[in-house]
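**Student:** Pasting in a structure now, in C-alpha cells, and then I'll have a few things to ask.
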Amino acid sequence: MVTRTFDKAPSTAPLMLKAVLPALPVIGGLPGIKHAKGSVPDIVLERTGVATDRAHLETYSEVCGFPRGDHLPAPYPHMAAFGLHMALMTDTAFPFAPMGLVHLRNTITQHRPIGVAETFDVAVRAADLRPHPKGSLVDIITEVTIDGELVWDEVTTLFSRHKGGSAESSPAPLTGIEAPSGVVHWKLSGDLGRRYGSVSGDRNPIHLYPLTAKAFGFPTNIAHGMWTLARSLSAVQNKLPDAFTVDVEFRKPILLPGTVVFGSQAYETEILFGVKGAKKPVTHLVGRVTTKS
C-alpha cells in the first residue's frame, strides 16, 4: 500500500478538468489519461492536522440548514475529504473515468461528535470493486482520526454503468425501505448547485447550469446528493444522538429549480427519512439513521 500525503486540500478546479479528459473522444484513450481496469488502486491519500475554517463552516451550515454549534455537522468532514476523493478518482489507476460515475449510496458513521476547535487527520482509499446488475460498484472509504482514535468514517458508493454486470453479492443497506410521507416543502432555487459547489468544491457541470447539465444528458442542472443528505440531517438535527450511522440511497436526481417534500419518522433506535417530488411522487432520497450502542 502506497501512502500519499498532502499538506493542504488538493485544488478541485484542475482536478475537475482532469476528470473530464477521459470522457473526450480520442483524448480519453491516450496514455496518461485513459484509466486502468480490473482493480482498485493500492494507494491511500491523506491529510494530517486538518483544522476547521470557521468562516467556511458557517457558509456550509447556511447552505445546508445547520444551526451554529460547538461541534461539526455530521456530514461536514466530507468537505475535508472531497479534494482527496477527486485526486483518487482522477488517478489513472482508478478503474473508472470519473465523469461516468453515479453517486449511488452513502454511509456516514459518527463515532463521537467532533469539536469545531479540534484538528483531525483524514485518509481516503478505494475498496470493494464488485458487480451490479447494470455494471459495477466501487467504494471510496474515508476515515477521520484524532490522536489515533477513529471518530468518523464514510463509505461513498459509486456506480459505473456498462454491459456484463451481474447481481450484487449482498443486498444494499436500504433495500425494501421507502421514504416516509412528509409535509415539509423545500423550494430549491436554480443556483443551489452553484452555492453548494462553491462551498464543497464539487463543481461538476451537471450541478451548475442548465446548459452544462444538458451536455451530460440532463434536462437541467441537478442538486448535489451530498447537499440533499446534509439538508435532511439538518432537518432531524435535534433528534440525532452523539454516535450514529446514517445510510442514504440516491434514487432520482432533483432537478433545479424545483420543490421537494421532506418526511421523517422516528423510532426507538432509528430514524427513517426521505425526500420526494412535490408534483410527482418520485423518491429522490431515502435514508436511515441508526443509533450506535
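Derivation of every value follows stated rules applied to the coordinates shown; laboratory data play no part. Quantities reported herein were computed from a predicted structural model and do not represent experimental measurements. Positions of Cβ are backbone-derived with ideal geometry, glycine not excepted, and every protein chain shown enters the neighbour counts.
**Student:** Report the residue count in the range 1-50 for those that are closer than 27 Å to PRO131 by Cβ, out of contact with any helix residue (DSSP H, G or I) (no Cβ under 7 Å at 6 or more places or on another chain) and aliphatic (A, V, I, L, M).
**Tutor:** Residues flagged as closer than 27 Å to PRO131 by Cβ, out of contact with any helix residue (DSSP H, G or I) (no Cβ under 7 Å at 6 or more places or on another chain) and aliphatic (A, V, I, L, M) within the range 1-50 amount to 6.
**Student:** Let me ask another. Anything in the range 165-180 that is touching a residue at least 24 places away in the same chain (Cβ under 8 Å) and either farther than 15 Å from ARG251 by Cβ or among the hydroxyl-bearing types (Ser, Thr, Tyr) (or both)? List them, or say none. Give the derivation first.
**Tutor:** Going residue by residue through the range 165-180, those that are touching a residue at least 24 places away in the same chain (Cβ under 8 Å) are 165-169, 172-174, 177-180.
Within the range 165-180, GLY165, SER166, ALA167, GLU168, SER169 qualify.
**Student:** Right, next: Restrict the check to the range 239-253 and report whether at least one residue is within 19 Å of ALA172 (Cα to Cα) and touching a Pro at 6+ places or on another chain (Cβ under 6 Å).
**Tutor:** Yes, the range 239-253 has at least one match.
**Student:** On to the next question. For PHE120, only one of the following conditions fails: (1) buried (at least 19 other Cβ atoms within 10 Å of the Cβ); (2) touching a Pro at 6+ places or on another chain (Cβ under 6 Å). What is its number?
**Tutor:** All conditions are met except number (2).
**Student:** Another question, if that's okay. For the range 237-266, enumerate the residues that are outside any strand (DSSP E or B) and under 14 Å from VAL282 (Cα atoms). Full working, then the answer.
**Tutor:** Here is the first cut: in the range 237-266, the ones outside any strand (DSSP E or B) are 237-243, 251-254, 256-257.
Correct list: ARG251, LYS252, PRO253, ILE254.
**Student:** Here's another thing I want to ask about it. Which count do you get for residues in the range 211-226 that are of a type outside the set (S, T, N, Q) and crowded, with 16+ Cβ neighbours inside 10 Å?
**Tutor:** So the answer is 7.
**Student:** Among the residues of the range 30-45, is any closer than 25 Å to LEU101 by Cβ, acidic (Asp, Glu) and in contact with a Leu (Cβ under 9 Å, 6 or more places away or on another chain)? Steps first, answer last, please.
**Tutor:** Let us first name the residues in the range 30-45 that are closer than 25 Å to LEU101 by Cβ, namely 30-45.
Adding the requirement that they be acidic (Asp, Glu) leaves 42.
Retained after the next criterion (residues that are in contact with a Leu (Cβ under 9 Å, 6 or more places away or on another chain)): none.
No, that holds for no residue.
**Student:** Which of the residues spanning the range 1-36 are touching a Phe, Trp or Tyr at 6+ places or on another chain (Cβ under 8 Å) and without any contact (Cβ under 8 Å) to a residue 60 or more places away in the chain?
**Tutor:** The answer is ALA36, and nothing else.
**Student:** Report, by residue number, each residue of the range 247-270 that is out of contact with any Leu (no Cβ under 8 Å at 6 or more places or on another chain) and within 15 Å of ALA230 (Cβ to Cβ).
**Tutor:** Result: PHE262, single match.
**Student:** Go through the range 231-261 and give me each residue that's aliphatic (A, V, I, L, M) and either touching a residue at least 40 places away in the same chain (Cβ under 8 Å) or over 21 Å from LEU104 (Cβ atoms) (or both). Outline the logic, then answer.
**Tutor:** Restricting attention to the range 231-261, the residues satisfying the condition of being aliphatic (A, V, I, L, M) are 233, 235-236, 240, 243, 246, 248, 254-256, 260-261.
Correct list: LEU233, ALA235, VAL236, LEU240, ALA243, VAL246, VAL248, ILE254, LEU256, VAL260, VAL261.
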